[in-house]
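Undergrad: Below are the structure tokens for one structure; questions will follow.
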Amino acid sequence: MANKESRGICIFCGEAFAKRSMTKHLTGCKKHQEVIETANTGKAKDETLYHLLIQDVYLKNFWLHLEMNGNAKLKKLDEYLRDIWLECCGHMSQFSIGGWGGDEIAMSKSAQSIFDRSSELVHIYDFGTSSETLIKVVGKRTGKPLSKHPIMLMARNEMPVVTCMECEQTARWLCSECIYEHDESGYLCDEHAKNHPHDNYGEPIELVNSPRMGMCGYEGPAEPPY
Ligand SMILES: [Zn+2]
Ligand SMILES: [Zn+2]
Ligand SMILES: [Zn+2]
Ligand SMILES: [Zn+2]
């Protein structure tokens, strides 16, 4: 999956773009502009809105473009990341500037108070089998939020295509025992998932669009909360 360029979908126009051109696309997307103009005719107060590029620190094919209200607390971003990518068993999490050993940032801080100071934050979920997420400010604007929620999903990577470890077919399943005990990818197609011999970690689980696949007890669903 490393050789194929990661693509994602713009939620405003529904079209697919390469990861490296999505920031530029969103800035110019006509449908996006229309939604902004409509929102700006509403009664909500103007605020600073941050365009965030979010990606897994190691698995860079998993990425999101979010717009976050400046007044919203970081806690809201933590909740969003848990819902769309991370939550398995209620582990602890934190934001920091500079990653591990960096300055921890309280969840009660507003997005604006942090992003005006630093354009990069790292989120760590689970201090055992950790998921690390990089949050980068790639733009900001003053205007009205596009929804009643503190965060708006603007784009998301398409599910990376991975191949079965037993054949060349597209994998849809993952065996954790293969990962933890046999040093294998654990990716399986429908056919090879059926008769797969391992069950120490349960049956193979269905692959979902999250960088936490195969970590701890993560099983999805990798759906955005809103
Ligand atoms: Zn678009
Ligand atoms: Zn867990
Ligand atoms: Zn197969
Ligand atoms: Zn296995």
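The values are calculated or read from the model by the stated rules, or taken from the named source; none is laboratory data. These numbers were taken from a predicted model, which means no experiment stands behind them. Don't worry about glycine lacking a Cβ; one is built from the backbone with ideal geometry, like all the others, and counts go over all protein chains shown. When the accessible area is computed, the model is the full protein with side chains, heavy atoms only, and any ligands, DNA or RNA have been set aside. Shrake-Rupley method; radii C 1.70, N 1.55, O 1.52, S 1.80 Å.
Residue by residue, here is whether (1) without any contact (Cβ under 8 Å) to a residue 40 or more places away in the chain; (2) open to solvent by 40 Å² or more (accessible area, probe 1.4 Å) holds:
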| site | (1), (2) |
| --- | --- |
| E132 | no, no |
| M165 | yes, yes |
| W173 | yes, yes |
| Y180 | yes, yes |
| D183 | yes, yes |
| E191 | yes, yes |
| P204 | yes, no |
| N209 | no, no |
| R212 | no, no |
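Undergrad: Based on what the data block shows, is Y180 out of contact with any Ser or Thr (no Cβ under 6 Å at 6 or more places or on another chain) and hydroxyl-bearing (S, T, Y)?
TA: yes
Undergrad: Another question about this same structure. From the list E223, E166, which residue is of a type in the set (D, E) and within 16 Å of ligand 3 (Cβ to nearest atom)?
TA: E166
Undergrad: Can I ask one more? Can you spot a residue in segment 122-129 that is open to solvent by 30 Å² or more (accessible area, probe 1.4 Å), within 16 Å of ligand 2 (Cβ to nearest atom), out of contact with any Gly (no Cβ under 9 Å at 6 or more places or on another chain) and of a type outside the set (G, A, S)?
TA: Taking every residue of segment 122-129 in turn, at least one turns out to be open to solvent by 30 Å² or more (accessible area, probe 1.4 Å), within 16 Å of ligand 2 (Cβ to nearest atom), out of contact with any Gly (no Cβ under 9 Å at 6 or more places or on another chain) and of a type outside the set (G, A, S).
Undergrad: Right, next: Can you give me the number of residues within segment 41-60 that are in contact with a strand residue (DSSP E or B) (Cβ under 6 Å, 6 or more places away or on another chain) and either assigned to a loop (DSSP other than H, G, I, E, B) or exposed (fewer than 15 other Cβ atoms within 10 Å of the Cβ) (or both)?
TA: 2
Undergrad: I would also like to ask the following. If you check K24, K76, which single one turns out to be away from ligand 4 (no atom under 16 Å from the Cβ), touching a Pro at 6+ places or on another chain (Cβ under 8 Å) and open to solvent by 70 Å² or more (accessible area, probe 1.4 Å)? Working first, answer last.
TA: Numbers: K24 fails: touching a Pro at 6+ places or on another chain (Cβ under 8 Å).
Answer to the check: K76.
Undergrad: Go through (1) touching a Phe, Trp or Tyr at 6+ places or on another chain (Cβ under 9 Å); (2) under 20 Å from G8 (Cβ atoms) one by one and return the number of the condition Y201 breaks.
TA: (2)
Undergrad: Only one of these is in contact (Cβ under 8 Å) with a residue 24 or more places away in the chain and either within 16 Å of ligand 2 (Cβ to nearest atom) or over 17 Å from the mean Cα position of the chain (by Cα) (or both): P145, P197, P225, P150. Name it.
TA: On the way: P197 fails: in contact (Cβ under 8 Å) with a residue 24 or more places away in the chain; P225 fails: either within 16 Å of ligand 2 (Cβ to nearest atom) or over 17 Å from the mean Cα position of the chain (by Cα) (or both); P150 fails: either within 16 Å of ligand 2 (Cβ to nearest atom) or over 17 Å from the mean Cα position of the chain (by Cα) (or both).
When all the criteria are applied, what remains is P145.
Undergrad: Same structure, new question: Across segment 1-12, which residue is farthest from E168 (Cα to Cα) among those that are open to solvent by 40 Å² or more (accessible area, probe 1.4 Å) and modelled with pLDDT of 95 or more?
TA: If we take residues in segment 1-12 being open to solvent by 40 Å² or more (accessible area, probe 1.4 Å) and modelled with pLDDT of 95 or more, then I11 is farthest from E168 (Cα to Cα).
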